[in-house]
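Worksheet: one structure, shown below.
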């Protein structure tokens, strides 16, 4: 009988600790939008690229009841690498599906670590660049252009914003 009571106490304690805090907005997009806004205030470069690195994961398909969604997004800390504009022909993909690359044959221009809020910035001269981040020891990019460019950004007499999103665990 003591074992049953002990088991029930553990279950009740575990259930009580899983309650959601009332009054706290845990909408992932709201938090990410706030991070974007907060990070935009940190920009100190006069010419170059800046942005926020984040991830999105879970079931992100539209639903009639948002409370049942498992979709979450949040900022992450990563190493950001800026290369001279890189095309698919200048890259060694890790898998045939793309997204992860072993290396690029183009020139590495800069390496930057994001802060705790996923913010990065780099002073750069005008030009075309590829901006990726390191994920599990590989170069990660999930965007491109019509010329086969990987995660491209163009800097032209100003600051270019490029938010990088890891979405390999989203469906």
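None of the figures in this text is laboratory data; all of them are computed from the coordinates on show. The structure displayed is predicted, hence computed values, not measured ones. All Cβ positions, glycine included, derive from the backbone under ideal geometry; neighbour counts span all protein chains shown.
Side notes on the structure shown:
- Enumeration of residues in segment 122-137 that are over 16 Å from residue 84 (Cα atoms) and either within 12 Å of the chain's Cα centre (by Cα) or crowded, with 18+ Cβ neighbours inside 10 Å (or both): 134, 135
- Of the residues making up segment 46-74, just one is over 23 Å from residue 141 (Cα atoms) and in contact (Cβ under 8 Å) with a residue 60 or more places away in the chain, namely 46.
- Pair list, Cβ under 7 Å, 6 or more apart: segment 120-145 residue without any contact (Cβ under 8 Å) to a residue 40 or more places away in the chain, other residue surrounded by 15 or more Cβ atoms within 10 Å (Cβ to Cβ) and part of a loop (DSSP other than H, G, I, E, B): 143/151
- Residues being crowded, with 18+ Cβ neighbours inside 10 Å and not in a strand (DSSP E or B) - total across segment 86-95: 2
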